[in-house]
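The structure appears right after this line, and notes come after that.
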């Protein structure tokens, strides 16, 4: 049996020590490389995110200067921190003061954060630090980057962006781990080729890392940073290479409902299928990107001399409207698409993305499920819409809405008033309720506005003579929360107004949303003693079945019928007579809206209409003028002979004249 000599033992030990030192150095260098790669990727993500916020949120500059954020931007910010790598961010001004924090209740800003934000805002240099979290309140591995906030070339402050790098860190660690294992095995097996094996595997790892930094983890599509690079490259080619193309922004409709009702795993499966469908639609020349969440983008080249072809947008809408089969279930969503073209709409990638985003916003505001091509006029409309949203948010927060009251009269007396909501714009000019109420509904503010309106109207009516009622309109969205009955009870209790002096008005459109839930709440409100009126009868859905489904106390005939009422228009008189006969048979009172002439009033009296409302008896007046209005109208009735009406007085005066 051979015995290993001392020299051989030393050589073996030397080789082993050399391999250990080599492995340790490789491991150290690998970890340093991992750290540098993750830092570079975090900086790129944060920088891209800052560019995106400057594009996607028109009022981000206002926020950085201390202004309030709009409703649409607030909704967008809530969505950005639920999906994607960025899970938290703050907006600082140039002094280092926090102007916006995406997460309520976040840890307070310390001096280190303020200093870092000031330094980035003043120098424009991105700074970064990494940290390890508990995996619950904070990701296991994350980066905290300070990025300059630049809007239209002006540095307005800094963004503190928290990037979740847990998955990327694990992926890169795994890549280097297996690289180290393979290198160690090859070194031990064939010491002559370790350098070659290391270089080859390092190159593959670098390629893996590059792929991770430029692609979305879930769908493997290009990410926002890569998509912007694609556009920049196409723009750099210039007119010499006939570089003309479209950019399509795509937002999935009703996708949030999928996540809420079926879970994020199902939602992820839908996103993967969406990516595959977009790949098929855009092959072979198009490029597809996932911007984040449920937003995608498509690059499509076009011929400079060819006509603009936006048909891809319509095909995307059609394709994404088809059901998705996930785990044996059909899931239907939809898509809205905005299109911008280079160089027609913009000559820089950032401006082009902004134009496509504005067109997408227009598509969503005009009903969703459609493709809209960018037009410069849209930018002004979006700006006005955002300004109106900001006005509504401020008015709601500061309770700046006013309530005007329009008289309701019967044959012998003043019967009450309808409460009508009013709002002035920043310029002091009134904003039509037909404009601001639908937007308040879309912003989710109508519940708070409606409750305050009801409470104020009840408090005001409690000061009137006991025979006068107040009528208040309800929005369809006030029924969705299911707490309408409690709201009505609270308003009556706080004001001391008797329930039979309150009338709530609804339109036919409310009943079609969720008929059973609406009727159930109306029945509970009616049980309190409150009367219920069906407003604008004869327009909209005009379904007589609603009169049978719910015993309304009153039907208000729409002004469009009254405006056509005359001695020569027999058809309008017949329609009104039919409505009156139906109301009487169902024991419902009838109110005619929009009465403006003496002729209309006389004819309606002869037809036995219970209550009249219109400019003939008074325009809506503010609360400050109510006392004078009540005295004036009551005096007008009292000055006529017993049982005579204001109509009779006016008719007699006209005859005498």
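Restricting to the stretch 489-530, and then to whatever is over 22 Å from residue 418 (Cα atoms) and out of contact with any helix residue (DSSP H, G or I) (no Cβ under 8 Å at 6 or more places or on another chain), can you tell me which residue is modelled with the lowest pLDDT? Out of the qualifying residues, it is 512. Of all residues in the stretch 444-459, none are part of a loop (DSSP other than H, G, I, E, B) and in contact with a strand residue (DSSP E or B) (Cβ under 6 Å, 6 or more places away or on another chain).
Listed by position, the strands (runs of 3 or more DSSP E) enclosed by the stretch 300-387 that each have at least 3 residues that are in contact with a strand residue (DSSP E or B) (Cβ under 7 Å, 6 or more places away or on another chain) and in the same structural domain as residue 246 (by TED's automatic domain parsing) are 335-342, 371-373.
Scoring residue 237 on the criteria (1) farther than 30 Å from residue 171 by Cα; (2) surrounded by 18 or more Cβ atoms within 10 Å (Cβ to Cβ) leaves a single failure, condition (2).
Each row is one residue, and each column tells you yes or no for (1) in contact with a strand residue (DSSP E or B) (Cβ under 6 Å, 6 or more places away or on another chain); (2) buried (at least 19 other Cβ atoms within 10 Å of the Cβ); (3) at pLDDT 75 or above; (4) more than 30 Å from residue 395 (Cα to Cα).
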site: 25; (1), (2), (3), (4): no, no, no, yes
site: 28; (1), (2), (3), (4): no, no, no, yes
site: 38; (1), (2), (3), (4): no, yes, no, yes
site: 41; (1), (2), (3), (4): no, yes, no, yes
site: 45; (1), (2), (3), (4): yes, yes, no, yes
site: 61; (1), (2), (3), (4): yes, no, yes, no
site: 72; (1), (2), (3), (4): no, yes, no, no
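Within the stretch 401-423, being at pLDDT below 90 and in contact with a helix residue (DSSP H, G or I) (Cβ under 9 Å, 6 or more places away or on another chain) holds for 411, 412, 413. With respect to residue 302, determine if the residue is surrounded by fewer than 21 Cβ atoms within 10 Å (Cβ to Cβ), at pLDDT 90 or above, out of contact with any helix residue (DSSP H, G or I) (no Cβ under 8 Å at 6 or more places or on another chain) and closer than 25 Å to residue 225 by Cβ. Spelling it out, it is not the case that residue 302 is surrounded by fewer than 21 Cβ atoms within 10 Å (Cβ to Cβ), at pLDDT 90 or above, out of contact with any helix residue (DSSP H, G or I) (no Cβ under 8 Å at 6 or more places or on another chain) and closer than 25 Å to residue 225 by Cβ.
The residues listed here are 333, 403, 358; of these, the one that is surrounded by 19 or more Cβ atoms within 10 Å (Cβ to Cβ) and closer than 18 Å to residue 277 by Cβ is 333. A single entry from 173, 160, 112, 167 fulfils the requirement of being in a strand (DSSP E or B) and either assigned by TED's automatic domain parsing to the domain that holds residue 55 or farther than 19 Å from residue 67 by Cβ (or both): 160. The single condition among (1) touching a helix residue (DSSP H, G or I) at 6+ places or on another chain (Cβ under 9 Å); (2) loosely packed, with under 14 Cβ neighbours inside 10 Å; (3) touching a residue at least 60 places away in the same chain (Cβ under 8 Å) that residue 622 does not satisfy is (1).
Residue-by-condition table, conditions (1) under 25 Å from residue 60 (Cβ atoms); (2) under 22 Å from the mean Cα position of the chain (by Cα); (3) touching a residue at least 60 places away in the same chain (Cβ under 8 Å):
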residue: 336; (1), (2), (3): yes, yes, yes
residue: 339; (1), (2), (3): yes, yes, yes
residue: 362; (1), (2), (3): yes, yes, no
residue: 367; (1), (2), (3): no, yes, no
residue: 371; (1), (2), (3): no, yes, yes
residue: 384; (1), (2), (3): yes, yes, no
residue: 392; (1), (2), (3): yes, yes, yes
residue: 410; (1), (2), (3): no, no, yes
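Per this entry, residue 295 is counted among residues that are assigned by TED's automatic domain parsing to the domain that holds residue 339 and modelled with pLDDT of 85 or more.
The values are calculated or read from the model by the stated rules, or taken from the named source; none is laboratory data. Keep in mind that this is a model prediction, so the values were computed, not measured. Note that each Cβ is placed from the backbone with ideal geometry, even for glycine, and that neighbours are counted across all protein chains shown.
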